[in-house]
Number of protein chains: 6
Amino acid sequence: MKEEVFYGKGMAHVKKDYPDIYDAVVKLNEVAYTGKVLDYKTQKLIALAITAAASDDRAMKKQMMSAMEEFDITKDEIVDVLRVVLLTSGNPPFVKAMKILNEIKK
Amino acid sequence: MKEEVFYGKGMAHVKKDYPDIYDAVVKLNEVAYTGKVLDYKTQKLIALAITAAASDDRAMKKQMMSAMEEFDITKDEIVDVLRVVLLTSGNPPFVKAMKILNEIKK
Amino acid sequence: MKEEVFYGKGMAHVKKDYPDIYDAVVKLNEVAYTGKVLDYKTQKLIALAITAAASDDRAMKKQMMSAMEEFDITKDEIVDVLRVVLLTSGNPPFVKAMKILNEIKK
Amino acid sequence: MKEEVFYGKGMAHVKKDYPDIYDAVVKLNEVAYTGKVLDYKTQKLIALAITAAASDDRAMKKQMMSAMEEFDITKDEIVDVLRVVLLTSGNPPFVKAMKILNEIKK
Amino acid sequence: MKEEVFYGKGMAHVKKDYPDIYDAVVKLNEVAYTGKVLDYKTQKLIALAITAAASDDRAMKKQMMSAMEEFDITKDEIVDVLRVVLLTSGNPPFVKAMKILNEIKK
Amino acid sequence: MKEEVFYGKGMAHVKKDYPDIYDAVVKLNEVAYTGKVLDYKTQKLIALAITAAASDDRAMKKQMMSAMEEFDITKDEIVDVLRVVLLTSGNPPFVKAMKILNEIKK
């Protein structure tokens with residue numbers, strides 16, 4: 001299942017045209033999300049936090065959607081992540097993330 | 001207790017000389033770390049992740065130390081955070097964070 | 001009046017659903033823009049500079065619009081800000097900001 | 001006088017070994033700090049804001065020192081800049097900048 | 001020819017309204033791309049790498065297009081650049097860049 | 001030989017304590033630096049460019065040293081990389097990189 005997380009349109013092309021890169025990304029993904037002690041859901045929230053803090057629209061939207069669809073992560077849980085983004089990264093990425101979150105929920 | 005988390009040397013000066021800023025930061029901190037659904041420890045790991053992904057030596061060290069001292073967060077838990085940093089932010093911030101983590105543990 | 005500056009669509013949802021976050025952001029905003037010595041207009045130009053330097057399309061556009069509408073800040077004043085962005089942050093954020101500025105002026 | 005602003009140790013080497021780069025940086029500096037409408041001091045505060053928001057220790061310290069030495073910019077004026085940094089870029093760059101500012105003042 | 005590289009729509013306005021800035025950018029561009037030892041194509045790939053690593057959609061697309069049109073840089077060469085972006089800057093900017101590259105090729 | 005490039009102190013600990021992460025980083029490194037068309041030296045200059053543009057002292061120093069030691073990359077070649085950094089990322093990272101480069105050469 002984890003493979004599907006990053007298997008977006010972009011990665012489909014990578015798999016076909018550059019299989020060596022694809023294999024490295026799969027391996028990297030497995031190593032990233034197979035923590036020793038933290039569960040996968042917590043790690044997913046962490047990935048969401050990093051992309052939101054970096055103000056990256058596209059990555060943050062993808063993370064929010066896969067969080068809600070694959071892990072039944074709720075809006076309130078995502079907002080609890082964004083609270084920390086507000087503190088550590090300021091108001092602009094927080095407002096942007098809240099706007100993207102609200103558009104997804106509709 | 002939460003107040004102490006950010007009450008470093010820098011903030012001591014802020015409290016004394018700019019109490020209005022200090023109050024806003026305290027309020028911001030409370031709102032950030034008083035999530036509705038996620039526990040404080042998870043939010044702490046998220047803050048650690050964001051500062052590590054941003055390659056910010058000083059902030060990341062402070063987050064690691066307060067994580068270990070106040071929350072008994074283990075090295076393996078921090079490494080599980082850094083696995084996600086490797087995936088989302090690349091090798092340089094990951095290596096830097098691992099080096100800082102190892103120096104703290106000594 | 002200052003409240004309206006950040007009272008965009010995203011913040012309307014925050015006010016309704018997460019009033020504690022909203023209050024902290026209002027307080028933070030007040031503390032940020034109530035400097036001891038610099039006037040509000042200069043601080044506004046500083047906020048514009050930071051978002052432009054960070055290449056954040058959405059935040060930079062909002063800052064430019066509120067700067068021109070609320071403070072009668074002129075295009076030449078904004079360009080003087082962007083001159084510093086060119087020096088400190090390079091050509092890509094400068095060109096992006098000039099493009100956004102030109103689209104607003106039309 | 002403006003030339004001296006960026007004429008640090010690094011630039012001395014550039015001037016000697018790579019005069020073409022040096023000339024371009026001088027020209028860039030002149031164009032950046034010779035605004036049409038904003039005065040040089042305001043532009044200096046803007047440069048300080050951008051480097052502080054980017055959490056760049058070295059550049060931020062240099063900006064603070066040249067601001068205070070060349071323009072008689074006060075600590076309170078710099079703190080008014082950092083208030084905006086807190087709002088737009090979060091607590092870690094704010095705390096770092098306050099710490100650097102306090103160390104300079106001693 | 002080099003002048004045309006950055007002569008986009010945004011720069012056309014700069015040339016007309018702020019000729020002093022335009023001249024500085026032209027000079028900066030010449031100095032940047034007139035290396036002593038590296039050829040122009042290699043420097044172009046480096047500019048592409050930096051904008052892709054910074055996750056800047058607009059700048060990265062412009063760099064990819066001018067790379068392919070002016071220098072006959074191939075898709076495989078750009079992918080070789082993006083391999084390094086994956087290592088140094090993580091999966092999100094890599095996937096974004098691959099998506100933009102695939103859309104250009106169509 | 002490539003393995004040694006990233007085999008710093010930090011990675012020695014990773015290899016011993018977290019072999020799964022180490023293996024993924026080795027694989028990632030191999031895929032990054034085994035381009036189809038660009039040679040390894042060009043890719044190395046690209047990695048150097050990205051870390052310099054990101055103003056990351058530690059990573060940029062490591063890249064410069066391994067560039068000079070392993071690939072006989074000259075100072076002038078690195079300066080040609082930094083010319084592009086000046087254009088795309090502004091004066092502060094350029095000056096910082098020139099300073100680090102000069103300190104290495106001594």
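The values are calculated or read from the model by the stated rules, or taken from the named source; none is laboratory data. These numbers were taken from a predicted model, which means no experiment stands behind them. Quick reminder, even Gly has a Cβ in these numbers, built from the backbone with ideal geometry, and neighbours come from all protein chains shown.
Could you list, in sequence order, all residues of the range D:33-79 that are under 16 Å from C:Val84 (Cβ atoms) and part of a loop (DSSP other than H, G, I, E, B)?
Result: D:Thr34, D:Gly35, D:Lys36, D:Val37, D:Leu38, D:Asp39, D:Ala54, D:Asp56, D:Ile73.
Somewhere in the range D:21-30, is a residue of a type outside the set (A, V, I, L, M), at pLDDT below 95 and out of contact with any helix residue (DSSP H, G or I) (no Cβ under 6 Å at 6 or more places or on another chain)?
no
Against the definition (facing chain B (nearest Cβ under 10 Å) and surrounded by fewer than 24 Cβ atoms within 10 Å (Cβ to Cβ)), how does A:Ala67 come out, yes or no?
Against the criterion (facing chain B (nearest Cβ under 10 Å) and surrounded by fewer than 24 Cβ atoms within 10 Å (Cβ to Cβ)), A:Ala67 does not qualify.
Scan the range F:4-20 for residues that are at pLDDT 90 or above and either facing another protein chain (nearest Cβ under 7 Å) or within 16 Å of F:Phe71 (Cβ to Cβ) (or both) and report the count.
Matching residues across the range F:4-20 total 3.
Out of curiosity, is D:Lys44 crowded, with 19+ Cβ neighbours inside 10 Å and more than 25 Å from B:Ala24 (Cα to Cα)?
yes
Please tell me if C:Asp72 is under 13 Å from the mean Cα position of the chain (by Cα), more than 9 Å from chain D (Cβ to nearest Cβ) and among the acidic types (Asp, Glu).
no
Report, by residue number, each residue of the range E:86-100 that is more than 7 Å from chain F (Cβ to nearest Cβ) and either in a helix (DSSP H, G or I) or in contact with a strand residue (DSSP E or B) (Cβ under 8 Å, 6 or more places away or on another chain) (or both).
Correct list: E:Asn91, E:Pro92, E:Pro93, E:Phe94, E:Val95, E:Lys96, E:Ala97, E:Met98, E:Lys99, E:Ile100.
From the list D:Val31, D:Val37, pick out the single residue that is without any contact (Cβ under 8 Å) to a residue 12 or more places away in the chain, within 14 Å of chain C (Cβ to nearest Cβ) and surrounded by fewer than 16 Cβ atoms within 10 Å (Cβ to Cβ).
Just a single option satisfies the conditions, and that option is D:Val37.
Within 14 Å of chain D (Cβ to nearest Cβ) and farther than 22 Å from F:Asn91 by Cα, is that true of C:Ala24?
Against the criterion (within 14 Å of chain D (Cβ to nearest Cβ) and farther than 22 Å from F:Asn91 by Cα), C:Ala24 qualifies.
Filter the range E:40-62 down to residues that are more than 9 Å from chain F (Cβ to nearest Cβ) and polar (S, T, N, Q), then give me how many there are.
Summing the residues that are more than 9 Å from chain F (Cβ to nearest Cβ) and polar (S, T, N, Q) in the range E:40-62 gives 1.
Of everything in the range D:86-103, what is hydrophobic (A, V, I, L, M, F, W, C) and more than 14 Å from the chain's Cα centre (by Cα)? Give them in sequence order.
Correct list: D:Leu86, D:Leu87, D:Phe94, D:Val95, D:Met98.
Would you confirm whether or not the range C:34-49 contains a residue that is closer than 20 Å to A:Asp57 by Cα and under 16 Å from the mean Cα position of the chain (by Cα)?
yes
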